[in-house]
1. Got a sec? Which helices (runs of 4 or more DSSP H) wholly within segment C:253-336 have at least 3 residues that are more than 30 Å from A:Arg199 (Cα to Cα)?
2. Are there strands (runs of 3 or more DSSP E) fully within segment C:80-175 with at least 2 residues that are facing another protein chain (nearest Cβ under 7 Å) and more than 24 Å from A:Glu101 (Cβ to Cβ)? List them.
3. Which residue out of A:Ser289, A:Ser297, A:Ser270 is within 10 Å of chain C (Cβ to nearest Cβ), in contact with a helix residue (DSSP H, G or I) (Cβ under 9 Å, 6 or more places away or on another chain), hydroxyl-bearing (Ser, Thr, Tyr) and assigned to a helix (DSSP H, G or I)?
4. Would you mention how many residues in segment B:74-91 are facing another protein chain (nearest Cβ under 9 Å) and either surrounded by fewer than 16 Cβ atoms within 10 Å (Cβ to Cβ) or farther than 20 Å from C:Leu6 by Cβ (or both)?
5. Of all residues in segment B:134-166, count the ones that are surrounded by fewer than 19 Cβ atoms within 10 Å (Cβ to Cβ) and assigned to a helix (DSSP H, G or I).
6. Inside segment A:155-261, counting only helices (runs of 4 or more DSSP H) that do not spill past its ends, which hold 1 or more residues that are small (Gly, Ala, Ser)?
7. Keeping to segment A:286-331, report how many residues are aromatic (Phe, Trp, Tyr) and free of Cβ contacts under 8 Å to residues at least 24 places away in the same chain.
8. Just wondering, is there one or more residues in segment C:181-188 that are modelled with pLDDT under 80, surrounded by fewer than 23 Cβ atoms within 10 Å (Cβ to Cβ) and within 14 Å of chain B (Cβ to nearest Cβ)?
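The values are calculated or read from the model by the stated rules, or taken from the named source; none is laboratory data. Owing to the predicted nature of the structure, the values given are computational and were not obtained by experimental measurement. Here the Cβ positions follow ideal geometry from the backbone for every residue, glycine too, while neighbour counts run over all protein chains shown.
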Amino acid sequence: MRRLRAVMAKEFFHLLRDPRSLSVVFIMPLVQIFIFGYAISFDLENIPVAVIDLDHSEPSARLIKDFERSTVFVLKPLSGARREGDFAAADRALRAGRVKEVLVIPAGFAGRIRQGRTAEVGLIIDGSDSNVANRIYQYNQMIIQRFAAGLKGLEDIFQVKTKVYFNPESRSVFFFVPGLVAVILLMISAMLTASSIARERELGSVELLFISPLRSGEIILGKTLPYVLVALATGSFILFFSHFWFGVPLRGSLPVLLLFALLFVLTGLSFGVLISTLAPSQRVAMLGSVLATLLPSIMLSGFIFPLDSLSAPLRALSEIIPATHFLRIIRGVAIKGADLRHFLKEGASLAGLSLITLSLAVLRFTRLRRARR
Amino acid sequence: MKGRPETVRAVEVSDLTKLFGDFRAVDHISFAVERGEILGFLGPNGAGKTTTIKMILGLLEPSGGRISILGLDARKSREDIKKATGYMSQQFSLYPLLTVRENVEFFGGISGLDRAEIRGRQEALAGQLPDGLLRLPVRNLPPGLRQKVALFVSLLADPELVFLDEPTSGVDPEARRAFWHTIYGLRERGKTILVTTHNLDEAEYADRILVIHQGRIVLEGDPRSLLETRKADSVEQLFREAIRSHETT
Amino acid sequence: MRLFYLVKKEILEIIRQRELLVLLFLAPLIQIIILGYVITTDIKNVPVEVVNLSNSRAASEITARLRASPLFRVVKLSEKPEKAEDVLRRGEVRALIEFRDSPGRGRWAWTLPEVHILMDGIDANSSQIAAGYVNGIIKDYLQEKLRRAGLPMPVEAKTLIRYNPRLRSINTMGPGIVALLLTILSVFTTAFSFVREREQHTMDTLLMSRLRPMEIFVGKAMPAVLIGLLDMVLGIGVVILWFHIPLRGSVLYLFLASLLYLAAILSYALIISTVVVNQSQAMFFSWFSLVLFLLLSGFLTPLESIWARAPALAVLTEINPLRYLIKIIREIFLKGNGPAFFWRDLLALGGIAVVLTSLSLLNFRRFISK
């Protein structure tokens, strides 16, 4: 026990001697949360639209007004238009990105409406950003539908009522905070562990550990425990901060959440140890841990990109990524306030994965050690 | 180097100081190194030897004092000084991933040697080492050979002044003797050598020694005459007495 | 000439670390391919639950369409009222679509039910788009019904999507992924390079040699630039050949923009590497910067929206080199734009590159004479 504590203490001092690192570890995710909280949102705003109105009628003016009134779009005059209906200018504006959409109301618009026929409006959308274009398309549909229904006094037919739960203002922070927490937990547990052990290998001092009477499990525990604590502390700090500053809900029992966080951290740790036994230098260890743990966790865990849209094999892959389960638990229990009962599967998966990775790490470490003897 | 009188000293240091925050690593030291001599720079770890050398070489900015090398101001004439100095740092700083041959090529190249000269040097080194060693990555060399290569590399540009920082640390006595043999050879060729070591019994190899303790010079002079005049049995004893008297003043 | 030896040494060191080579070239390519499949902002297969409390035929017909659509996966069909909050909490569905009959709805009450979409607001992006799809399906259905009843819609929209007609998200993301990976690699490689020298204690030897500070600087930066450009070529090749992303504009300007970007990002990484003390810090700083660059680049969220929401942060986008690269890349690939359109962005990128490079050179000088 004493020997274990010695290893831990050394690791701790190494960490503490580095106040700059610690502050970076804390400040960095904070700044990210700020940006998510203030700058990033799921609602589109301020999208520039140009209008070519060849009808100049009362209905066309009203339609244009409808577009203008929406919070999503902002009307921009077509610069460089040499005449009415200068499509070349519109094309240029679209190409230059000055507008994302051009609304074209052809001549005879009001006439056709009066005759009871269907009048068409043209919408030219810049598709180079497919996500934005998709949303623009949908907003267009909504505006035009409402306008059309209004013409016939059929407004309420097309009323589809929506209600948003858990996040009434559609704030992106609610969605991203669990992911950010997961990322920081992973970074600290996987990367720092990997680099710490790799550094010792580089310097050669790992030999001392190898020949010590400590068991492999004890060595791993001693070297990684400080990082576990730092990781958990930072993760909790971020959760609390987003709760108090941005109002991100924080429900469920804290010890249970910490337990899951611990399991998650253990997986990161084990990966870190595994990678450090394979990497010849610290630099490779770090790059390797980033590529092997961080990137898959970001891409395939539902952190940013929805898992529903993935093909079956990728979805299967996402199930063996610890972050996927961790995020489901945090989002469900901590933010939505669900009962833990419904997430037993995720909890078990997380526990199972951490057990497997931990055993693999210890095994690999022991084998390396035995090879040196 | 043309146009310099022979009476110029190799190195002249006056009132040199280095502060790291409040800590005085080097505390107003002054000394000189004569041309053609071997100066032993002794002192325990942390005494300020490496810091002093780094300042002389321009790797560290002094907090105070003046340094002149071969009559030139160290701060103003860095490029000229670089041409006349060779340096072997404490960690035998060769590139571990590169082979011996590649290290020689690199250091020779950046010292301004042309291809033919580099090749010549590589062959010369090959003659001094066991067969086939040239092709080995440096990290696979035992410390004794690594030291040898590092010394060779520091002399590639045939500098007049050679600064060796702890060149014999971690090296067995046999190799150490061979090393000093090489150093004497360098002195025969007219070079000035400054060697630091924390190994006090290496003092007797040097022409003169300078002992540093806690940033100050506590002992200076020719080791043999010091032993005689102070009636000490070993340099270590000299050293301990010097520290004691230094601490009581 | 001396420079040549330094660059050669740097390259030799990189080649001698096989694992590093894998990380620098093979891994990114694999990453790009995987990312290409994963980063789909095409929302489809959204799990929903349909709660049909209406007796109308319309409700069952619309439900049938929802089930048939590849955009949705109707996980459960219920005819009893459900507590939306509890269902959404469990996380199995992103939205509930409820049909209700409501007596006071005018003359259409007997045919058309009330539709309520109850969304999970946490994954607001997916649920909003899903809601949009539902809207679309319902609207199409109603339009058909009305047309058959002799009441065609008075206004209809004809949409033309330029530059990316099938709205493939890979077209949008693909080139950006290359830029992203380039950034990751450059930042990490360079940030480490100086720290490593210092940790290996060979920096002193370099400084003692006849190499001028400028030469050391360029010599260490050059391999990173070469690696970066090589990766870019490989990455773009993959993205074009594997994912069939169109490249409609000039490759030359692509290279120019990438070169400027590399200069900017490498200088930035160099500054980091002289500011940090050890490799862990280098890692953290690099990662941090990366995320910052990414979020404020227009890659994930349109810049216009950021300006509307947080103008203070939007100012940062103006000095973000990634933002300009993404814009130029997207324009060259998808719109086939020439320099007439993006010369300003190119200039901005160049300016940033010059500023950062000078800063890092100055910083380097200061750093080595400490």
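1. Ranges flagged: C:303-309, C:311-318, C:321-330.
2. C:114-120
3. Only one candidate qualifies: A:Ser289.
4. Of the residues in that region, 3 qualify.
5. Qualifying residue count for the region: 6.
6. A:172-186, A:193-203, A:216-246
7. Adding up the residues that qualify gives 1.
8. No, segment C:181-188 contains no residue that is modelled with pLDDT under 80, surrounded by fewer than 23 Cβ atoms within 10 Å (Cβ to Cβ) and within 14 Å of chain B (Cβ to nearest Cβ).
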